[in-house]
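Asker: Structure provided below as C-alpha cells; questions to follow.
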Amino acid sequence: MFEYAPAPESRSIVDIKPAYGLFVNGEWVDGEVRNKTVNPATEEVLAEVTWATESEVDTAVRAARAAYENVWSRMPGRERAKYLFRIARIIQERARELAVLESLDNGKPIRESRDVDVPLVAAHFFYYAGWADKLGYAGFGPDPRPIGVAGQVIPWNFPLLMLAWKIAPALACGNTVVLKPAETTPLTALVFAEICQEADLPPGVVNIVTGAGETGHALVSHPDVNKVAFTGSTEVGRAIAKSVAGTRKKVTLELGGKAANIVFDDAPIDQAVEGIVNGIFFNQGHVCCAGSRLLVQESVYDEVLAGLKRRMALLRVGDPLDKNTDIGAINSAAQLERIRTLSDIGAEEGAARWSPPCELPDRGFWFAPTIFTGVTQAHRIAREEIFGPVLSVLTFRTPAEAVEKANNTPYGLSAGVWTDKGSRILWTADRLRAGVVWANTFNKFDPASPFGGYKESGYGREGGRHGLEAYLDV
Amino acid sequence: MSRLAVRKTYKLFIGGKFPRSESGRSYLVQDSNVALASRKDVRDAVVAARAAVKGWSGTTAYNRGQILYRVAEMLEGRRDQFVGLGEAPADVDAAIDRWVWYAGWSDKIAQVYGNANPVAGPYFNLSSPEPTGVVGMVAPPESALLGLVGVVAPAIVTGNTVVVLAAEGRPLPAVTLAEVLATSDLPGGVVNVLTGKVAETAPWLAAHMDVNALDLTGVADRELARSLEEAAADNLKRVVRPPATPVDWTADPGIARMTSFLETKTVWHPKGV
C-alpha cells in the first residue's frame with residue numbers, strides 16, 4: 001500500500017458555541033441540567049449541552065401544540081412547502097459546515113458526511129417539500145389530515161440525516177414536532193434549529209430538546225403528543241410500544257437489524273467484495289441495516305474470503321476529518337465497550353477472528369475492521385446486533401438454505417443478494433423477510449425510497465410516498 | 001309421528017378441521033353447547049395458522065381472489081341458515097357482498113399500495129406490499145357475522161393467516177361461517193376460529209411470539225385492550241386498536257384494514273450494461 005499525504009478538512013468553517021440551550025418556540029432557552037458532548041476521535045469536549053427535564057419537555061410540547069393549532073395546521077400546503085424548500089436550500093448552502101460538524105461530533109469520515117449524509121438531508125427536505133401541497137394525491141384519501149404534535153427521538157449514527165427523515169415528512173403533512181437528538185451527537189440538530197430561524201419558520205413548529213433517555217421518555221410519554229416516531233434499539237422500541245398501549249398515539253419504530261448479505265457462486269466477486277465492505281464497514285458499522293451476516297455459497301468461499309481480506313487491508317482507519325479516511329471513530333466509549341464485549345464473546349464461542357494490520361490512534365474510541373469466520377447460527381455474534389465494524393461469515397450450499405439462514409433472526413430490516421442471474425435475484429428477494437432488499441448493491445438510500453423493517457425491526461416506513469402515512473391521520 | 005331433528009354440535013375450527021376444545025369444556029350460549037377454547041387451543045390454532053402462511057401467501061393473487069369469491073358463493077347458498085341464527089337479513093347480504101368486494105382486491109392492492117420509486121441514481125427501485133404473517137383477532141361482538149367478515153376478509157385476501165376469537169355472546173354465526181370456509185377451497189389453517197371467553201384466551205394470543213399482528217377491533221373493555229397491546233409489544237406485533245367510535249360495518253371499509261397487515265418491501269438493483 002502506498003502512503004497518502006494527510007488531507008484534513010479544515011474545521012475552521014464550524015463555529016461551535018461553548019454551551020447550548022434548548023430550542024423551544026423559536027428561541028433559545030437555558031436549561032437546568034448540563035452535559036458535555038465530545039469528539040469521539042480525540043475525546044476533546046466540543047460543547048456543553050442541556051439535558052431537558054420533564055417540565056422543559058412539557059414547555060416544548062406546549063409550544064408545538066400552539067404552533068400546530070394556530071399556525072401550521074391552518075397554513076395552505078403550498079406555503080408549508082416553501083418553508084421546506086427554503087430549509088433545503090439553506091442546508092445546501094451550509095453543507096460543508098454541517099458535514100465537518102457531523103464528523104466532529106459523530107466520528108464518521110468526512111467523505112461520508114460530505115458525500116452521503118448531508119446531500120441526503122437536503123434531498124429529503126426537497127422531496128417532502130414537494131408533497132406538502134399534493135397530499136390528496138398520495139393515495140390516503142382526497143383530504144388527509146395531519147395528526148398533531150409529533151414527539152421524535154433519533155439515534156447517534158446518522159444524527160442530521162435521521163433528523164431529516166423525521167422532520168421533513170412531519171412538517172410536510174402539517175404536523176409540528178419536538179425532536180430529541182441522541183445525547184452523544186446533538187450538535188447538528190442544534191445548528192438545524194438555527195437554520196429554522198434563518199428560514200423564518202414560525203415559532204414552535206420545530207422544537208429541539210437535547211438530553212438522554214429520561215428526556216426521550218418524557219417526550220414520548222407526554223399526554224399531548226399525538227404521534228411518536230423513534231429510531232434506535234429494539235429494546236427501547238419495545239418499551240415505547242408498551243408505554244403507548246391504550247392511548248391513541250400513532251407510533252412508528254425503526255429498530256435494530258442483523259442483515260444477511262447473500263453471495264451466490266455466480267456473483268461478480270469483485271463487486272460483491274466491494275458490497276460486503278460497504279455493507280458492514282460504512283459508518284463504522286453503526287448502521288441498523290448493516291450487512292452484518294455474510295452468507296457465502298461454499299463453492300466460492302475461499303475466493304470471496306481472500307478478496308475480502310485483501311480489500312480490508314486497504315481500509316484506512318483514522319482521523320475522521322481526513323478526506324482519505326475510510327473508517328472513523330466509534331461514536332462513544334460505551335459503544336466501543338459493547339463492540340469489544342460481543343467480539344470477545346465471538347472468539348470465546350469458537351469463531352475465528354481476523355483484522356488487517358492497522359494502527360489505531362492513541363486517543364479516542366477506535367475499533368479495527370474485523371471479520372469472524374466459522375460462525376454458526378447459534379453464535380451470539382450471528383444473532384445479536386453488534387452495531388460496529390464486525391462481520392460474521394457463514395456459508396450455505398443451496399439457495400433454499402441461504403434463504404432459511406437469512407430469515408433465521410427476529411429482525412427483518414434489510415438484506416443483500418449478489419448473483420448474476422436475474423430470476424435468482426427475484427426468487428430470493430421474494431422470500432427474504434426484510435423491508436429493504438439490495439440486489440447487487442448495498443446500503444443505498446434515497447428520499448423517494450421507503451425504508452423500514454419487518455418483524456422486530458419495527459413498523460412503519462420512512463421515505464417515499466409510504467413515509468407520508470406515518471404523519472397522516474389515516 | 002313427527003321426525004326428531006338432528007342437532008348440531010358446535011366445535012372449534014383449527015387447521016381446516018373441527019375439533020372439540022382439548023380442555024373438554026363447553027359453555028351454553030345461543031341455546032347450544034359451544035366449545036370453550038383453552039390456552040392450548042390458542043397455541044394449536046397459531047401452529048396451524050403459521051403452517052398455512054407459506055402456502056397461502058405463496059399462492060397467486062388471482063387464486064386467492066377466486067377462493068374469496070367462492071366463499072361468497074357458499075355463503076349465498078347458506079343465507080337462510082344465518083338468518084335462522086338471528087343475523088339480520090340485510091347484514092347477511094352485506095357480509096356476502098363484502099367477500100365479493102375483498103375478492104376483487106386480491107390482485108389490485110399491490111398496484112394501489114405499492115409503487116416504483118424514482119431514486120436519484122441508476123437503480124431499479126420498487127416497493128411492494130407483502131403479508132405480515134399470522135394475525136390474531138378478536139371479532140367485534142356487535143355484529144357477529146358481518147363484523148367477523150369485516151375483520152377476517154381484509155387480513156386473508158393479502159395472504160395473511162388468521163386466528164380469530166369469535167364474539168363470546170354470539171358464536172354460532174362464526175362456527176357456521178367456518179363451515180362455509182371449509183367448503184370454499186380455502187386451505188386449512190388460513191382461518192382458525194376459536195369460541196369461548198375472550199378475556200381468557202386473548203392474552204395468550206397477544207403474548208404468543210409466533211403471532212405477527214393483533215386486531216383488537218372486538219375488544220370493548222379498555223383495560224383489557226391496553227394489557228393486550230402491552231403484551232403484543234414483546235415481539236413488536238402490529239396492533240390495530242379498538243375503534244374510538246363504533247364501526248359502521250355496512251359502510252365502505254376503505255383499504256386501511258388491508259394495509260394494517262401489510263409490510264412494504266423495497267427492492268433495489270443497479271441499471272447498467
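Asker: Taking R0 as 60 Å, what's the FRET efficiency between B:Arg79 and A:Glu235 from their Cβ-Cβ distance, rounded to 0.05?
Answerer: Efficiency for this residue pair is about 0.70.
Asker: In the Gaussian network model of chain B, springs joining C-alpha atoms below 10 Å, which of B:Gly24, B:Gly86, B:Gly169 carries the largest mean-square fluctuation?
Answerer: In this elastic network of chain B, the residue with the biggest mean-square fluctuation among B:Gly24, B:Gly86, B:Gly169 is B:Gly24.
Asker: Any idea how far apart A:Thr341 and A:Gln271 come out in nm if each label point goes 7 Å out from Cα toward Cβ?
Answerer: Taking the two extended label points, one gets 4.1 nm.
Asker: Could you compute the FRET efficiency for B:Asp31 and A:Lys421, with r as their C-beta to C-beta distance and R0 at 60 Å, rounded to 0.05?
Answerer: The calculated FRET efficiency here is 0.45.
Asker: Could you order the peptides B:53-63, B:73-83, A:256-266 from most to least packed, using the average number of other C-beta atoms within 10 Å per residue?
Answerer: A:256-266, B:73-83, B:53-63
Asker: While we're looking at this one, here's another question. How about the range A:182-234: which GluC sites (Glu not before Pro) there lie in a loop by DSSP and see at most 13 other Cβ atoms within 10 Å?
Answerer: In loop regions of the range A:182-234 (DSSP not H, G, I, E or B), there are no sparsely surrounded GluC sites (Glu not before Pro).
Asker: Another question, then. Got the relative contact order for chain A handy, in percent, Cα pairs under 8 Å and 6 or more residues apart?
Answerer: Details: 1099 pairs, mean separation 85.4, N = 474.
18 percent.
Asker: Enter the angle in degrees (range 0 to 90, nearest 10) between the Cα long axis of helix B:172-182 and the first principal axis of the Cα atoms of chain B, meaning the one along which they spread out most.
Answerer: 60
Asker: Which three extents, in angstrom, do the Cα atoms of the protein assembly as shown have along their principal axes, listed largest first?
Answerer: The Cα atoms of the protein assembly as shown stretch 108, 65, 46 Å along the principal axes, largest first.
Asker: Might you report the magnitude of the Cβ-based charge dipole of chain B about its Cα centre, with Lys and Arg at +1 and Asp and Glu at -1, to the nearest 20 debye?
Answerer: 660
Asker: Compute the helix-to-body angle for A:234-243: its Cα long axis versus the longest principal axis of chain A, expressed 0 to 90° and rounded to tens.
Answerer: The angle comes out at about 30 degrees.
Asker: Taking the dipole about the Cα centre of the protein assembly as shown, with the C-beta of Lys and Arg at +1 and of Asp and Glu at -1, give me whichever of B:Leu68, A:Thr53, B:Ile109 is farthest to the positive side.
Answerer: B:Leu68
Asker: Once both labels are modelled 7 Å past Cα along the beta-carbon direction, what's the B:Lys197-B:Ala90 spacing in nm?
Answerer: According to this spin-label approximation, the distance is 3.6 nm.
Asker: I'd like the distance separating the alpha-carbon centroids of the range A:305-337 and the range B:116-135, in whole Å.
Answerer: 31
Asker: What number, rounded to the nearest 500 deg cm²/dmol, is the helix-based mean residue ellipticity at 222 nm of chain A, given -39500 (n - 2.57) per DSSP H run of at least four residues and division by all its residues?
Answerer: -10500 deg cm²/dmol
Asker: Right, here's the next one. With a 10 Å radius around each residue's Cβ, average the other Cβ atoms per peptide and rank A:302-311, A:217-226, B:184-193, highest first.
Answerer: B:184-193, A:217-226, A:302-311
Asker: Could you tell me how many degrees, from 0 to 90 and to the nearest 10, lie between the Cα long axis of helix A:269-281 and the main elongation axis, the longest principal axis, of the Cα atoms of chain A?
Answerer: Between the helix axis and the principal axis of chain A, the angle is about 50 degrees.
Asker: Please give the calculated 222 nm ellipticity per residue for chain B, where each DSSP H segment of at least 4 residues contributes -39500 (n - 2.57) and the sum is spread over every residue; nearest 500 deg cm²/dmol?
Answerer: -12500 deg cm²/dmol
Asker: At what distance in nm do the modelled label points of A:Arg310 and A:Asp224 sit from each other, each positioned 7 Å from its Cα along Cα→Cβ?
Answerer: 6.3
Asker: Let me ask another. Got a sec? How would B:Thr161, A:Thr419 order by Cβ neighbour count within 10 Å, fewest to most?
Answerer: Values: B:Thr161 28, A:Thr419 22.
Starting with the residue having the fewest Cβ neighbours, the order is A:Thr419, B:Thr161.
Asker: Kindly provide log₁₀ I(q)/I(0) values, in the same order as q = 0.09, 0.15, 0.17 Å⁻¹, from the Debye equation applied to equal alpha-carbon scatterers of the range B:10-270.
Answerer: Here the Debye-derived log intensity ratios amount to -0.37, -1.03, -1.33.
Asker: Next question. Report, for chain B, the % of DSSP beta bridges that are antiparallel, rounded to 5.
Answerer: Within chain B, antiparallel bridges account for around 50 percent of the total.
Asker: Counting other beta carbons within 10 Å of each residue's own, what order do B:Val92, B:Val135, A:Val436 fall into, fewest first?
Answerer: B:Val92, B:Val135, A:Val436
Asker: Report the FRET efficiency, 1/(1 + (r/R0)^6), for A:Ala7 and A:Glu359, where r is their Cβ-Cβ distance and R0 is 22 Å, rounded to 0.05.
Answerer: On the way: r = 18 Å, r/R0 = 0.81.
The pair A:Ala7/A:Glu359 has a calculated efficiency of 0.80.
Computed from the coordinates by the stated procedures, all read-outs in this text should not be read as laboratory data. All figures in this text were calculated on a predicted structure; none of them were measured in a lab. Cβ: placed from backbone, ideal geometry, glycine included. Neighbour counts: every protein chain shown.
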